[in-house]
Amino acid sequence: MPFDRNIILDNDVTTVCCACVGALVGYLGFVFLLEQGFYALILPGGILGLAAGIPRSRSPVVPVLCGLLAIVAGLLTEHRSAAFIADARLSYFILHALDLRPVTLFLISMGGLIGFWVPCCLSR
């Protein structure tokens, strides 16, 4: 059976596109729950990972990319919802991300873990 690289590349691109849609859905879910009084910062990265697990990708690069995208999605979501009082710019926020509360860093990292783990486990 011939090995077609175009099908594999298309599947990787589909996986990353699904991940981006999942990050958007996670962000919207976070905003909705925040308005209800819940702090669900794990949603952008977690739903990104779940959405990236829908198409099966065999590439070892895709789970790493999804994990990084999940962390970025969590950081951007936190910036949009609670920027620093001293300076609201994104560059200031990124440079001082380690000054966030421990629970915030934990939730962002768990979203990143789910963003990596689901595509990694489902690719086998």
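Just so it is clear, none of the values below were taken in a lab; they were calculated from the coordinates. Treat the numbers as computed from the prediction; the structure is a model and nothing was measured. Backbone-built Cβ (ideal geometry, glycine too); neighbour counts: all protein chains shown.
Can you list which of the DSSP-assigned H helices in the chain have a Cα extent of 15 Å or more along the long axis and an average Kyte-Doolittle score of at least 0.5?
Sorted by number, the helices that extend far enough and score high enough are 5-35, 61-81, 102-122.
Please compute the contact order of the stretch 5-122 in relative form: average sequence separation of alpha-carbon pairs under 8 Å and at least six residues apart, divided by the residue count, as a percent. Spell out each step's value before the answer.
Numbers: 188 pairs, mean separation 41.1, N = 118.
Relative contact order comes out at 35 percent.
Would you please put 19-29, 103-113 in order of how densely packed they are, using the mean number of other Cβ atoms within 10 angstrom per residue and starting with the highest?
Working: 19-29: 20.5, 103-113: 19.0.
Final packing ranking: 19-29, 103-113.
If Lys and Arg each add +1 and Asp and Glu each add -1, what is the summed charge of the other residues whose beta carbon sits under 11 Å from the beta carbon of residue 108? The partial results should precede the final answer.
Values: positive: 101; negative: 78.
Summing Lys and Arg as +1 and Asp and Glu as -1 gives 0.
Over the stretch 44-108, calculate the relative contact order: mean separation of alpha carbon pairs under 8 Å at least 6 apart, over the residue count, as a percent. Write down the numbers at each step before the final one.
Numbers: 31 pairs, mean separation 23.1, N = 65.
Computed over the stretch 44-108, the figure is 35 percent.
With a Förster radius of 25 Å, plug the Cβ-Cβ distance of residue 13 and residue 81 into 1/(1 + (r/R0)^6) and report the FRET value to the nearest 0.05.
That gives a FRET efficiency of 0.25.
Which of 55, 63, 102 moves the most in a Gaussian network model of the chain with Cα springs under 10 Å?
102
Taking H as built 1.01 Å from N, whose amide H comes closer than 5 Å to the amide H of residue 56, not counting residues under 5 places away?
none
Say each of residue 89 and residue 24 gets a label point 7 Å from the Cα, pointing the same way as Cα to Cβ; how far apart are those two points in nm?
2.9
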